[in-house]
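Engineer: Starting off with a structure, shown below.
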Amino acid sequence: MAKQYYNFLNGKWTRPHSKVYFDNINPADTSDVVGRFPESDGEDVEKAVRAAEAAYDAWRLFPAPKKGEIMMRAGQLMMKNKEKLARLMTREMGKVLAETRGDVQEAIDMAFYVAGEGRRLTGETTTSERKNKFAMTMRIPIGVCGLITPWNFPMAIPSWKIFPALICGNTVVFKPAEDTPASACEFVKILTEAGLPNGVVNFVCGGPNTGELIVRHPRIKLISFTGSCEVGRFVGEHCGRTLKRCSLEMGGKNAQIVMADANMDLALEGALWGAFGTTGQRCTATSRVYIQRKVFPSFVRSFIRQAKKVRIGNGLKPNAQMGPLINAAQRERVHNYVVRGVKEGAKVECGGKFARGAGLGKGFFYQPTVFTNVKPIMTIVREEIFGPVVCLMSIKDLEDGLRQANDTAYGLSSAIYTGNVNSAMKAIRDLEAGITYINGPTIGAEVHLPFGGVKNTGNGHREAGRTALDIFSEWKSVFVDFSGRLQKAQIDTD
Ligand code: NAD
């Protein structure tokens, strides 16, 4: 019998009111049940909100540098337990160990980065129109925040939301994705061990229904959501109607441009890593590669040769380079896109099938898949597939590459490989994306820079960097009049 897990409410591991649990399954081996987790109902969410509300005033007033010290300790605990956390994460969601170590490292980086913010959280002092009057700005917290996260970065993404929310003085109701509650649970345990007071972070497990209960809860003041556009639209609509603050980080359809003057080996390596890293299940994954005509045939040949060599396997095995897809439905979805691509006239150069073979029989493995003969209107070019599927397309020149790269509803990440500084500068200016890499793949964010996208990828917010603080705080303008008389702005003339 698999281990049973609970919600974490007001500092206590608590059985769900719903009494309903779901199995969390290892996507590399479906006979391995990682644990049984609560499918939380309205009463569970209500208890979490009540706990977060009760903890809010004390936490809001707790000095920010002291909040930072708790985060520092959380970062140290994650460092100490990094290997254990990474192994659990691979077992739970499939990406290879090197990548899950990276995921934990990102949460550590975020802990240390935001801990430092505890001694900054700066506002501005400025001048006043009137004499003997002082003016400044300061950040104030918002209240109880509902944080809803996806499964592809089980610790990194929660850390991007939880640490900035807390440093600004908010309390939290956190719901991880139903495919990765075990990693989220370990993260919450670490926060508690680091000294976080009861009720500051409340953890409720569950799927879409639980998420919806959080979004609709009238006393949750802010929703920070990362996930698909489809769900993001619902979250945005509801928050729009109820005037709830909301930040949305959603899908991508990221392009890499390869100019004929680029270092081809580097461009090839970058495209392979961007396309097949995390089995293509990154919001920043490379799913379109635009290659200048002159070098197109040789690039395609080398790319296919390398794609066929990618070692698929259980991410815990040291030689595995690419793990499984997250679940059966996702593998079906990816395969349907491939079938659709073929139907619409694209050519599968390699892959396009469930991966079979020794050690793969019980997992959701899929072959690295490369399409050529792709037209811009095809579904595989337009929609996010979220799997190891990449389209290779030829371009005439830089302008053609930029135009095609921008011809998408999304705008998260982008990359160009070129040896020409003028091309690089034009790409930096003209690529419509929240992130642009020069001579690097579309994946590889660092926590101290803003992360997020334009167009349908987001709603104007940026996680990570100092910009994350803008999601989780409001600005207050403060005037201190020490003139001892009524001074009327815009009216008095002396
Ligand atoms: P998803 O939208 O299905 O689920 C995300 C979260 O929302 C989960 O916790 C889920 O339980 C919850 N949810 C589902 N329906 C809900 C509802 N009606 N109300 C409230 N919550 C609900 O996404 P996913 O499959 O977990 O993740 C993949 C998607 O996430 C991809 O589109 C990917 O591009 C995107 N993503 C974006 C970023 C980014 O920063 N831009 C990062 C990682 C992943």
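The values are calculated or read from the model by the stated rules, or taken from the named source; none is laboratory data. Predicted, not measured: the structure shown is a model, and the values here were computed from it. Every residue, glycine as well, gets a Cβ built from its backbone with ideal geometry; the counts of neighbours run over all protein chains shown.
Engineer: What pairs come out if I take residues in the stretch 399-426 that are farther than 15 Å from THR286 by Cβ and pair them with residues that are part of a strand (DSSP E or B) whose C-beta lies under 6 Å away, six or more apart or interchain?
Structural biologist: ALA424/ILE438
Engineer: Only one of these is under 14 Å from VAL389 (Cβ atoms), in a loop (DSSP other than H, G, I, E, B) and in contact with a helix residue (DSSP H, G or I) (Cβ under 8 Å, 6 or more places away or on another chain): LEU316, LEU325. Name it.
Structural biologist: The conditions single out LEU325.
Engineer: If you check ASN24 against the conditions, is it surrounded by fewer than 22 Cβ atoms within 10 Å (Cβ to Cβ) and among the polar types (S, T, N, Q)?
Structural biologist: No; evaluated as a whole, the condition is false for this residue.
Engineer: Could I ask something else about it? State the number of residues belonging to the stretch 439-480 that are buried (at least 17 other Cβ atoms within 10 Å of the Cβ) and assigned to a loop (DSSP other than H, G, I, E, B).
Structural biologist: 15
Engineer: Continuing with this model, one more query. Going residue by residue through the stretch 61-68, is there one that turns out to be part of a loop (DSSP other than H, G, I, E, B) and within 16 Å of the ligand (Cβ to nearest atom)?
Structural biologist: No - not one qualifying residue is present in the stretch 61-68.
Engineer: Also, I was wondering about something else. Would the stretch 137-145 turn up any residue that is buried (at least 23 other Cβ atoms within 10 Å of the Cβ) and out of contact with any Pro (no Cβ under 7 Å at 6 or more places or on another chain)? Steps first, answer last, please.
Structural biologist: From the stretch 137-145, those buried (at least 23 other Cβ atoms within 10 Å of the Cβ) are 144-145; that's our starting set.
Imposing the further condition that a residue be out of contact with any Pro (no Cβ under 7 Å at 6 or more places or on another chain) reduces the set to 144-145.
The answer is yes, given that some residue of the stretch 137-145 is buried (at least 23 other Cβ atoms within 10 Å of the Cβ) and out of contact with any Pro (no Cβ under 7 Å at 6 or more places or on another chain).
Condition check ((1) under 17 Å from TYR437 (Cβ atoms); (2) outside the structural domain of PRO164 (by TED's automatic domain parsing)) across all residues:
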{"site": "ILE214", "(1), (2)": "no, no"}
{"site": "PRO218", "(1), (2)": "no, no"}
{"site": "GLY236", "(1), (2)": "no, no"}
{"site": "THR242", "(1), (2)": "no, no"}
{"site": "ARG245", "(1), (2)": "no, no"}
{"site": "ALA275", "(1), (2)": "yes, yes"}
{"site": "ILE304", "(1), (2)": "no, yes"}
{"site": "GLY313", "(1), (2)": "no, yes"}
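Engineer: Can you tell which of LYS84, LYS47, LYS80 is under 20 Å from GLY11 (Cα atoms) and either out of contact with any Gly (no Cβ under 6 Å at 6 or more places or on another chain) or surrounded by 14 or more Cβ atoms within 10 Å (Cβ to Cβ) (or both)?
Structural biologist: Checking each option against the conditions leaves just LYS47.
Engineer: Further question: Among the residues of the stretch 109-141, which ones are part of a helix (DSSP H, G or I) and out of contact with any Ser or Thr (no Cβ under 8 Å at 6 or more places or on another chain)?
Structural biologist: Within the stretch 109-141, ASP109, PHE112, TYR113, VAL114, ALA115, GLY116, GLU117 qualify.
Engineer: For the stretch 217-263, how many residues are under 30 Å from GLY419 (Cβ atoms) and without any contact (Cβ under 8 Å) to a residue 40 or more places away in the chain? Quick ask: steps written out before the conclusion?
Structural biologist: Of all residues in the stretch 217-263, those under 30 Å from GLY419 (Cβ atoms) come to 252-263.
Next cut, without any contact (Cβ under 8 Å) to a residue 40 or more places away in the chain only: 260.
Looking only at that region, the number is 1.
Engineer: Tally the residues that are charged (D, E, K, R), outside any loop (DSSP other than H, G, I, E, B) and near the ligand (Cβ under 10 Å from one of its atoms), restricting the search to the stretch 144-187.
Structural biologist: Of the residues in that region, 1 qualify.
Engineer: Give ALA433, ALA424, ALA464, ALA409 a once-over and let me know the one that is modelled with pLDDT of 95 or more, more than 27 Å from PHE163 (Cα to Cα) and within 16 Å of the ligand (Cβ to nearest atom).
Structural biologist: Going through ALA433, ALA424, ALA464, ALA409 in turn, the sole match is ALA409.
Engineer: Does the stretch 132-142 contain at least one residue that is more than 20 Å from the chain's Cα centre (by Cα), free of Cβ contacts under 8 Å to residues at least 24 places away in the same chain and more than 28 Å from GLY280 (Cα to Cα)?
Structural biologist: no
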